[in-house]
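Novice: Pasting a structure below so you can have a look.
The values are calculated or read from the model by the stated rules, or taken from the named source; none is laboratory data. Worth saying up front: this structure is predicted, and the values here are computed from it rather than measured. Here the Cβ is made from the backbone with ideal geometry for all residues, glycine too, and neighbour counts use every protein chain on show.
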Amino acid sequence: MLTDRLAPVFEEPACATNRAKTDAQKRAGCKAKGPTPGAAAGGCAFDGAKISLQPIVDAAHIVHGPIACEGNNWDNRHSASSGSDLYRRGLTTDLTELDVIHGGEKKLWKAIRQAVEKFDPPAVFVYQTCVPSLTGDDIHAVCAAAAERHGRPVIPVEAPGFVGTKNAGNRLAGQTLLDHVIGTGEPETTTPTDICLIAEFNIVGDLWQVKPLFDALGIRLLSPITGDARYHEVTYAHRAKASMVVCSQAMVNVGRGLQERWGIPYFEGSFNGVRATSEALRTFARLLVEQGADADLIDRAEALIAEKEAEVQRQMEPYRATLEGKKVLLYTGGNKAWSIVQTLQDMGMEVIGTSVRKSTDHGKARAKDLLHEDKKLFGAIPAGEMFRMLKDGEADIMLSGGRSQFVALNARRPWLDTNQERHHAYAGYEGFINLAKRMSLTLNAPIWEQVHSPAPWEEGYTA
Amino acid sequence: MSPKTTPSRVEASRKALTIDPLKVSPPLGAALALLSVDRGMPLFHGSVGCTAFALVLLVRHFREAIPLQTTALGEIETILGGTDNLESAIRTIATKSKPSVLGVCPTALTDTRSEDMAADLRLISERLGEDLGDTLLVHVQAPDFIGGLQEGWAAAVTGIIDVVARPRPRRADHLTVLTGAHLTAADLDDLRDTIEAFDLTCTLLPDLSGSLDGHVPDNWRPVSLGGTSRAELEALGEASAVLAIGEHMRAPAELLGARTSLPVTVLETLTGLKGCDRLIAFLSEMSGRSAPPKLRRDRSRLLDALIDSHFAAVGQRVAIAAEPDLLRAMVTIATDLGCQVPVAVTTTRAPGLETLPVDRLIVGDLDDLETATLEAGGCDLVIGPSPAIRAAKALHAPLVRVGFPQVDRVGSQHDLFAGYRGTRQMAFAIANAITESHAEHHLRPPHPMSPEMPHTSEVRHDSDAPVAAG
């Protein structure tokens with residue numbers, strides 16, 4: 001049954017990777033090559049599903065599994081909330097051997113009841129994991145019964161870790177929203193400028209750097225999927241007039257689902273950097289006008305873009321001298337490598353290489369256009385090689401996710417976190433300036449001179 | 001110990017829903033022990049997520065590279081068996097990263113399948129032959145379902161001993177020390193210094209202070225950056241005695257004693273004057289020397305610290321959340337100072353806990369810490385890992401951070417809790433936290449204890465929230 005559900009999310013017609021494939025490749029599916037035992041990195045499908053849905057801040061998110069699935073994992077993302085923080089609680093059935101022997105369904109049933117009694121959430125998400133999936137706990141049945149008993153949605157998220165990668169989990173989460181959530185509620189009012197943002201998770205408040213732009217244009221963010229979302233906001237995403245898929249690898253199926261079922265046009269875009277942000281605003285304005293919004297929205301969007309871009313130019317001034325000509329090694333797990341390359345180039349920096357591990361073919365082509373050379377596009381770079389590049393000074397700074405940071409730091413080179421564990425928001429115009437500022441601060445930090453200075457017992461030491 | 005509070009009985013939380021776990025998984029603890037062996041490499045036999053979650057949490061706590069691999073089981077292997085993946089992973093790691101010790105840890109997934117890993121590993125060893133090179137293959141029996149970090153840690157040490165320990169000629173004035181998971185890198189440095197102050201030498205297993213002490217290496221290595229060396233492992237039996245620190249190290253110590261015929265001493269805790277004194281007495285006996293002046297001075301400083309700290313601490317109520325042996329250490333110093341412990345929460349029912357002088361001892365989660373302490377009338381201080389900040393805030397009490405994980409602090413591996421010096425620092429930490437908190441409260445009327453649960457309030461991500469680190 002799970003395999004039946006899994007196959008369609010990888011036959012995603014809107015997926016750029018899929019579109020570029022031959023028929024034979026398509027038949028082979030996306031899972032032809034699994035991770036290599038002993039040389040694998042990255043999260044599992046459960047991880048992907050949870051990070052996609054957990055930003056729904058007022059829901060209870062219960063992980064049905066042994067302690068490793070939640071005890072090692074809870075509250076480890078920086079998705080921010082403007083209200084409830086229920087989503088940050090670590091809720092789990094913490095399965096034991098006895099639960100494996102006797103089955104965990106009763107425990108799950110009780111756990112849901114306890115969560116409802118203690119937190120009174122508008123909805124409960126229940127995440128299936130490997131062990132109860134293997135022993136055959138029917139979380140769909142438990143969730144259906146619990147939903148009836150407690151008079152609120154209790155949603156099974158069927159994405160146990162072993163079914164695939166984090167990305168598979170993102171998509172299964174998207175499918176869960178389409179199957180169980182979107183279309184089950186109605187907003188009090190609708191406007192001609194209602195939009196939906198898909199796969200924007202409000203990491204350290206990214207969304208809040210972008211939302212004021214929409215507010216200024218009178219565009220209403222009807223449904224955030226799922227950054228800083230309230231459960232009920234997601235239920236009426238089908239009333240949006242246009243949607244944008246921000247991380248296309250993660251949840252493009254939701255954009256397409258909205259289009260197919262409810263005729264809502266969507267586009268794939270990014271808020272990484274000035275050009276991408278302006279492009280996103282333009283596209284939204286155009287789509288909304290096509291859907292019946294006042295035609296002056298387009299002119300107002302252009303005016304706002306002109307104003308903001310000029311402001312960015314002014315605000316960039318203090319950082320230009322530091323950033324100009326600096327060499328960057330970009331090793332992001334994120335899929336929008338091209339948009340970060342573009343951003344860094346706009347800051348006057350030189351990108352000496354970027355990983356395109358998770359990029360779509362379209363994304364790879366854009367990155368190649370920007371860098372002019374194939375050899376600057378990497379798949380996975382061995383850590384030893386990255387270490388050498390940094391140690392030998394081929395790069396002045398590395399931008400990457402938390403796990404690869406020590407390659408740079410142990411080579412005593414500046415590093416900036418551009419993945420989900422970061423502490424600063426880099427979205428939109430404001431985020432562009434933020435990024436320039438953080439890079440300047442790091443590059444100019446006085447520690448680098450100190451950590452490269454010779455020790456008293458080394459050659460070249462001066463008092 | 002003086003009868004400060006009534007003896008406890010260990011309660012099990014009867015909730016089906018765990019809320020804000022205190023516990024992390026045993027394989028994570030096993031991985032940490034394996035990373036404290038030079039050129040060590042842990043391998044989790046499970047899905048990629050089992051490894052990814054443990055790895056990310058270890059990175060967030062230590063802020064160091066964490067070599068940790070996975071057999072990457074998919075749904076096919078989950079049904080048909082993961083032996084091929086296990087072999088392929090071991091081959092890849094042994095030939096590419098060439099670890100000195102490769103520790104294979106089962107996960108809940110492989111345990112549920114009841115894979116016969118011991119048999120698998122024997123076969124794989126034979127088949128790999130020379131590909132295995134010098135890599136020592138260790139089977140860690142740390143099932144995900146039983147206990148937490150310290151149980152996994154102890155299981156990894158047991159696994160290592162099982163493979164390497166054998167009778168060797170006795171070596172005078174040398175100790176093989178099995179260190180518990182509750183000790184920090186700073187604790188281990190202090191312990192080694194103390195042993196060496198008696199003109200004794202020692203082998204620490206595991207030796208976290210050699211690998212995850214936060215040093216900058218000259219070269220990139222895909223395996224751990226230090227710790228107990230392979231030569232030391234081969235010579236575990238070459239000592240005059242085995243010393244184990246922490247009750248959870250008793251089983252590996254007894255195995256080592258049985259294999260090597262060395263006498264075994266287990267010291268439950270090195271935090272608190274009495275525990276420190278026992279260590280010094282033991283070392284005096286082993287070395288035939290009396291304590292050197294430096295240690296006598298340290299003891300005198302501790303006495304002064306206890307006197308100075310007790311004014312703030314005596315009669316204060318301290319709620320503690322920690323794994324069993326760390327809990328024992330923290331209950332000891334808190335009650336030694338005259339604090340009461342209305343509530344202590346731990347991860348598993350470990351031997352000896354029932355004698356701890358606490359009012360309630362619950363095997364539970366951080367929500368139990370909060371609700372049980374509220375029921376008991378609140379507290380003045382919380383001691384626990386960084387995620388306990390939520391409970392501490394709800395209880396309007398400061399948090400002294402100990403244990404794992406600490407994701408909102410840098411340098412926690414250099415916090416010292418053990419020995420005369422560590423006990424002194426902990427006494428100061430407790431007294432200062434209480435003093436500072438009371439000083440704040442003097443500025444305004446005291447908070448009424450709110451019966452309301454914190455989730456109902458509007459809380460934003462802010463700098464001192466538990467996730468605010470990466």
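Novice: Which pairs have Cβ atoms under 7 Å, sit 6 or more apart or on different chains, and link a residue in region B:299-314 that is in the same structural domain as B:ALA427 (by TED's automatic domain parsing) to one that is polar (S, T, N, Q)?
Specialist: B:LEU302/B:THR423; B:ALA312/B:THR435
Novice: Scan region A:388-407 and tell me whether some residue there is in contact (Cβ under 8 Å) with a residue 40 or more places away in the chain, part of a strand (DSSP E or B) and more than 20 Å from A:LEU441 (Cβ to Cβ).
Specialist: no
Novice: Residues in region A:70-96 that are at the interface with chain B (Cβ under 7 Å from one of its Cβ atoms), in contact with a helix residue (DSSP H, G or I) (Cβ under 8 Å, 6 or more places away or on another chain) and not in a loop (DSSP other than H, G, I, E, B): how many?
Specialist: 3
Novice: All but one of (1) among the aromatic types (Phe, Trp, Tyr); (2) more than 7 Å from chain B (Cβ to nearest Cβ); (3) farther than 30 Å from A:VAL246 by Cα hold for A:TYR127; state the number of the condition that does not hold.
Specialist: Looking at each condition in turn, A:TYR127 falls short on (3).
Novice: Taking helices (runs of 4 or more DSSP H) that fall entirely within region A:1-64, which contain at least 3 residues that are at pLDDT below 95 and not aromatic (Phe, Trp, Tyr)?
Specialist: Here the list reads A:2-10, A:16-19, A:23-28.
Novice: Would you mind telling me which numbered condition in (1) within 14 Å of another protein chain (Cβ to nearest Cβ); (2) touching a helix residue (DSSP H, G or I) at 6+ places or on another chain (Cβ under 7 Å) B:ASP111 fails?
Specialist: Looking at each condition in turn, B:ASP111 falls short on (2).
Novice: In addition: Mind checking which residues of region A:140-172 are within 14 Å of another protein chain (Cβ to nearest Cβ) and assigned to a helix (DSSP H, G or I)?
Specialist: A:VAL142, A:ALA146, A:HIS150, A:GLY161, A:PHE162, A:VAL163, A:LYS166, A:ASN167, A:ALA168, A:GLY169, A:ASN170, A:LEU172
Novice: Taking region B:351-366 as the search range and keeping residues that are closer than 22 Å to B:ILE434 by Cα and of a type in the set (D, E, K, R), which one is surrounded by the most Cβ atoms within 10 Å (Cβ to Cβ)?
Specialist: That would be B:ARG360.
Novice: Only one of these conditions is not met by A:HIS372: (1) within 21 Å of A:ARG275 (Cα to Cα); (2) crowded, with 19+ Cβ neighbours inside 10 Å. Which number is it?
Specialist: (2)
Novice: Looking at B:LEU43, B:LEU57, which one is more than 30 Å from A:GLN114 (Cα to Cα), within 20 Å of the chain's Cα centre (by Cα) and outside any loop (DSSP other than H, G, I, E, B)?
Specialist: Details: B:LEU57 fails: more than 30 Å from A:GLN114 (Cα to Cα).
B:LEU43 is the lone residue from the list that is more than 30 Å from A:GLN114 (Cα to Cα), within 20 Å of the chain's Cα centre (by Cα) and outside any loop (DSSP other than H, G, I, E, B).
Novice: Being out of contact with any Asp or Glu (no Cβ under 9 Å at 6 or more places or on another chain) and in contact (Cβ under 8 Å) with a residue 12 or more places away in the chain is the filter here; which residues of region B:278-290 pass it?
Specialist: B:LEU279, B:ILE280, B:PHE282, B:LEU283, B:SER284
Novice: Then there's this: If you go through region B:141-172 one residue at a time, how many are at pLDDT 95 or above, part of a loop (DSSP other than H, G, I, E, B) and within 14 Å of chain A (Cβ to nearest Cβ)?
Specialist: 1
Novice: For region B:143-164, how many residues meet the condition of being among the hydrophobic types (A, V, I, L, M, F, W, C), crowded, with 24+ Cβ neighbours inside 10 Å and out of contact with any His (no Cβ under 6 Å at 6 or more places or on another chain)?
Specialist: 7
Novice: Next up: Take region A:97-124 and flag every residue that is on the phi > 0 side of the Ramachandran plot and away from chain B (no Cβ under 11 Å).
Specialist: A:GLY103 - this is the single residue of region A:97-124 that is on the phi > 0 side of the Ramachandran plot and away from chain B (no Cβ under 11 Å).
Novice: Under the condition of being surrounded by fewer than 24 Cβ atoms within 10 Å (Cβ to Cβ) and of a type in the set (Asp, Glu), which residue from region A:127-157 is farthest from A:GLY90 (Cα to Cα)?
Specialist: Step by step, filter region A:127-157, then rank; the result is A:GLU148.
Novice: Still on this model: From the set of residues in region B:73-88 that are touching a strand residue (DSSP E or B) at 6+ places or on another chain (Cβ under 9 Å) and either more than 7 Å from chain A (Cβ to nearest Cβ) or under 25 Å from B:ASP38 (Cα atoms) (or both), which is surrounded by the fewest Cβ atoms within 10 Å (Cβ to Cβ)?
Specialist: Step by step, filter region B:73-88, then rank; the result is B:LEU86.
Novice: Among the residues of region B:256-266, write down those that are over 17 Å from B:GLU232 (Cβ atoms) and touching a residue at least 12 places away in the same chain (Cβ under 8 Å). Step through it out loud before you land on a result.
Specialist: If we filter region B:256-266 for residues that are over 17 Å from B:GLU232 (Cβ atoms), which is where we start, we get B:257-258, B:261, B:263-266.
Passing the criteria: B:GLY257, B:SER261, B:PRO263, B:VAL264, B:THR265, B:VAL266.
Novice: Among the residues of region A:226-253, what is the count of those that are among the aliphatic types (A, V, I, L, M), touching a Ser or Thr at 6+ places or on another chain (Cβ under 8 Å) and under 25 Å from A:THR332 (Cα atoms)?
Specialist: Final tally of qualifying residues: 4.
Novice: When the residues of region A:202-243 are narrowed to those that are in a strand (DSSP E or B) and of a type in the set (S, T, N, Q), which ends up nearest to the other protein chains (Cβ to nearest Cβ)?
Specialist: A:THR226
Novice: Can you tell me which residue is farthest from A:GLN175 (Cα to Cα) among those in region A:228-273 that are of a type in the set (Asp, Glu) and in contact with a helix residue (DSSP H, G or I) (Cβ under 8 Å, 6 or more places away or on another chain)?
Specialist: So the residue we want is A:ASP228.
Novice: Looking only at region A:99-151, which residues are within 29 Å of the chain's Cα centre (by Cα) and more than 26 Å from A:ILE182 (Cα to Cα)?
Specialist: Correct list: A:CYS130, A:VAL131, A:PRO132, A:LEU134.
Novice: Tell me, please, whether a residue that is closer than 22 Å to B:LYS15 by Cα, assigned by TED's automatic domain parsing to the domain that holds B:ALA321 and among the acidic types (Asp, Glu) can be found in region B:373-387.
Specialist: So far as region B:373-387 goes, yes, one or more of its residues are closer than 22 Å to B:LYS15 by Cα, assigned by TED's automatic domain parsing to the domain that holds B:ALA321 and among the acidic types (Asp, Glu).
Novice: Name the residue that is nearest to the other protein chains (Cβ to nearest Cβ), counting only residues in region A:410-429 that are over 19 Å from B:ALA65 (Cα atoms) and surrounded by 20 or more Cβ atoms within 10 Å (Cβ to Cβ).
Specialist: So, considering only residues that are over 19 Å from B:ALA65 (Cα atoms) and surrounded by 20 or more Cβ atoms within 10 Å (Cβ to Cβ), the one nearest to the other protein chains (Cβ to nearest Cβ) is A:ALA425.
Novice: Name the one entry in B:LEU395, B:LEU399 that is more than 16 Å from B:PRO21 (Cα to Cα), among the hydrophobic types (A, V, I, L, M, F, W, C) and free of Cβ contacts under 8 Å to residues at least 60 places away in the same chain.
Specialist: Step by step, each of B:LEU395, B:LEU399 is checked, and only B:LEU399 is more than 16 Å from B:PRO21 (Cα to Cα), among the hydrophobic types (A, V, I, L, M, F, W, C) and free of Cβ contacts under 8 Å to residues at least 60 places away in the same chain.
Novice: Quick test for you: out of B:GLU75, B:GLU87, pick the one residue that is more than 30 Å from A:LEU409 (Cα to Cα), modelled with pLDDT of 95 or more and not hydrophobic (A, V, I, L, M, F, W, C).
Specialist: B:GLU87 is the lone residue from the list that is more than 30 Å from A:LEU409 (Cα to Cα), modelled with pLDDT of 95 or more and not hydrophobic (A, V, I, L, M, F, W, C).
Novice: On the basis of being within 19 Å of the chain's Cα centre (by Cα), in a helix (DSSP H, G or I) and not aromatic (Phe, Trp, Tyr), does A:ALA285 make the cut? Steps first, answer last, please.
Specialist: Numbers: within 19 Å of the chain's Cα centre (by Cα): no; in a helix (DSSP H, G or I): yes; not aromatic (Phe, Trp, Tyr): yes.
Judged against the criteria, A:ALA285 is not a match.
Novice: When you scan region B:203-219, how many residues do you find that are in contact (Cβ under 8 Å) with a residue 24 or more places away in the chain and surrounded by fewer than 23 Cβ atoms within 10 Å (Cβ to Cβ)?
Specialist: Start the filter on region B:203-219 by keeping residues that are in contact (Cβ under 8 Å) with a residue 24 or more places away in the chain, which leaves B:203-214.
Keeping just the survivors that are surrounded by fewer than 23 Cβ atoms within 10 Å (Cβ to Cβ) gives B:203, B:210, B:213-214.
Number of matching residues: 4.
Novice: In this structure, is A:GLU449 among the acidic types (Asp, Glu), out of contact with any His (no Cβ under 8 Å at 6 or more places or on another chain) and not in a loop (DSSP other than H, G, I, E, B)? Explain how you work it out, then say what you get.
Specialist: On the way: among the acidic types (Asp, Glu): yes; out of contact with any His (no Cβ under 8 Å at 6 or more places or on another chain): yes; not in a loop (DSSP other than H, G, I, E, B): yes.
Here the answer is yes, as A:GLU449 does meet what is asked.
Novice: May I pose another question? For residues that are facing another protein chain (nearest Cβ under 7 Å) and closer than 18 Å to B:LEU183 by Cα, scanning just region B:8-24, find the one that is surrounded by the most Cβ atoms within 10 Å (Cβ to Cβ).
Specialist: So the residue we want is B:VAL24.
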